[in-house]
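The values are calculated or read from the model by the stated rules, or taken from the named source; none is laboratory data. Here the structure is a predicted model, which means the values were calculated and not measured. All Cβ positions, even for glycine, are placed from backbone atoms using ideal geometry, and neighbour counts span all protein chains on display.
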Amino acid sequence: MQFDERLRQIMAGRKVTKNKVSEDCNIGYATITSICDGKTKSPGLDILCKLAQYFNMTVSELIGEKEERYSGKVKELADMAVQLNPTQLESLIFTAKAFLKVYSEMAATALKREKSMEISYT
C-alpha cells in the first residue's frame, strides 16, 4: 500500500479531514492534500513525525512498514523522533543530513583510493 492510501485510510478510520489534520499538526493544507493525492510520495521526517504523533502511533506504524524491515536501533530512533518538539526535530534532521554528507564524501574518497590502488597493481 502506498503512503497516500495509508494516510487516507488512517484519516477515514479516525474520521478526520485534511483540513483538521492540517490545522492540528501545523502542516500546510496544500502539503496534506499533495500527500493524500499521491503527488508527494516521500514526505519528510518532520511531517511523518507530526502525523505519527497526531495519530498516536510510531512512524513505522504510520507508513505501514513491517517491523522486521528495521533494525532495532533504526526503529528506536524513528520512534524517539516522534517525541521531539519542532526545534529539536529540525536540529536532528540538520545533523543527520550533515552526517550523511560527510559519510558520503568519506566513502567516495575511499572508493577513489581503492580504485587508484587497483590501477597501481595492474
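Evaluate the following for LYS50: is it assigned to a loop (DSSP other than H, G, I, E, B), within 22 Å of GLU90 (Cα to Cα), at pLDDT below 95 and not polar (S, T, N, Q)? It would help to see each step written out before you state the result.
On the way: assigned to a loop (DSSP other than H, G, I, E, B): no; within 22 Å of GLU90 (Cα to Cα): yes; at pLDDT below 95: yes; not polar (S, T, N, Q): yes.
Taking the combined requirement at face value, the residue does not satisfy it.
Here is a check on your reading of the model: is TYR70 modelled with pLDDT under 90, within 17 Å of the chain's Cα centre (by Cα) and closer than 23 Å to PHE3 by Cβ?
Answer is yes for this residue.
Considering segment 28-47 alone, what residues qualify as being in contact with a Phe, Trp or Tyr (Cβ under 9 Å, 6 or more places away or on another chain) and surrounded by 12 or more Cβ atoms within 10 Å (Cβ to Cβ)?
Here is the first cut: in segment 28-47, the residues in contact with a Phe, Trp or Tyr (Cβ under 9 Å, 6 or more places away or on another chain) are 35, 38, 40-43.
Passing the criteria: ILE35, GLY38, THR40, PRO43.
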Restricting attention to segment 77-103, the residues that are modelled with pLDDT of 80 or more and not in a helix (DSSP H, G or I) number exactly 3
Give the residue, chosen from ILE27, ILE35, ILE47, that is of a type in the set (A, V, I, L, M, F, W, C) and touching an Asp or Glu at 6+ places or on another chain (Cβ under 7 Å).
-> ILE35
